[in-house]
1. Could you state the principal axis extents of the C-alpha atoms in the range 130-201, from the largest down, to the nearest angstrom?
2. At a Förster radius of 30 Å, what calculated FRET efficiency corresponds to the Cβ-Cβ distance of residue 80 and residue 117, to the nearest 0.05?
3. Could you work out the Rg to Rh ratio of the chain, with Rh taken as the Kirkwood radius (inverse of the mean 1/r over all Cα pairs)?
4. What net charge is computed for the residues neighbouring residue 33, neighbours being all others with C-beta under 15 Å from the C-beta of residue 33, Lys and Arg scored +1, Asp and Glu -1?
5. First compute the accessible area of the chain with a 1.4 Å probe, then give the percent of it belonging to carbon and sulfur atoms.
6. Would you list 75, 87 from the most to the least accessible area, probe 1.4 Å?
7. Can you give the FRET efficiency to the nearest 0.05 for residue 69 and residue 13, using r as the Cβ-Cβ distance and R₀ = 35 Å?
8. Express the relative contact order of the chain as a whole percentage, based on alpha carbon pairs under 8 Å and six or more residues apart in sequence.
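The values are calculated or read from the model by the stated rules, or taken from the named source; none is laboratory data. Remember, it's a predicted structure, so these values are computed and weren't measured experimentally. Glycine gets a Cβ as well: all are built from the backbone with ideal geometry, and neighbour counts include every protein chain shown. The accessibility values were calculated without ligands, DNA or RNA, using every heavy atom of the protein model including side chains. Shrake-Rupley method; radii C 1.70, N 1.55, O 1.52, S 1.80 Å.
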Amino acid sequence: AVAVGESQAFGGVVRGTFGLAKSSAGTDFKAQLQFADVDLEQCLGEMFGIRRLEGKGNLGFAIDSSGRSVYDLTKGLNGTASLASRKGAIAGFNVEQLLKRIERRPLSGGGEFRTGKTPYETLVVNLRITQGMANVEDVRMEGPSVGLTLAGSASIPERDLDLRGTASLLAISTSGTAAPAFELPFMVQGSWDDPIILPDP
């Protein structure tokens, strides 16, 4: 068992506990960790191989599992995970460019949009993990000109995605509030490293 009172990591601070124990199932694993004001690209990249988020944020998870291999541990993983970030970007996708293109020419298709980035003002992610499946409880992104919501699940041992969402092109009303001017349902499927993103018919 290791307790981290407070330590510098990924440009921020980490605290919490994690432990391993020999058991009849092979190994019991448990962790409760909080990462505060960390570099998300570096933190998520080093820990999970995900390098899509730019900016700083808070990350927390409470998980446990048992198994005889790392693969078994990921298959039996249970717990919760959360992420909150302000003023960052999702790298590799330009959602605003895609929405404007489809709004102008709905039948032209999305074309290639997996370049550039989508800036956001706020990003919130809340997941519940059951037997290695991360189920989306809440994923919301709000940016200067686009909004995004997601639902679905991701397999941790297989590292694949099955998500549905809605992307919104926002317009500022006369009262100063942002309202959806154009919305596009979409789906995200495939591997974590190279997911396929398509409009959802």
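1. For the range 130-201, the Cα spread along each principal axis is 48, 23, 20 Å.
2. On the way: r = 28 Å, r/R0 = 0.94.
My answer for the efficiency is 0.60.
3. Details: Rg = 18.7 Å, Rh = 18.3 Å.
Result for the chain is an Rg/Rh of 1.02.
4. Surrounding charge for residue 33 is -2.
5. Numbers: 6060 of 11080 Å².
Answer for the chain is 55 percent, counting heavy atoms of protein chains only.
6. On the way: 75 95, 87 140 Å².
Most to least solvent-accessible, the answer reads 87, 75.
7. On the way: r = 32 Å, r/R0 = 0.91.
After rounding to 0.05, the efficiency reads 0.65.
8. Working: 509 pairs, mean separation 24.8, N = 201.
It comes to 12 percent, rounded to a whole number.
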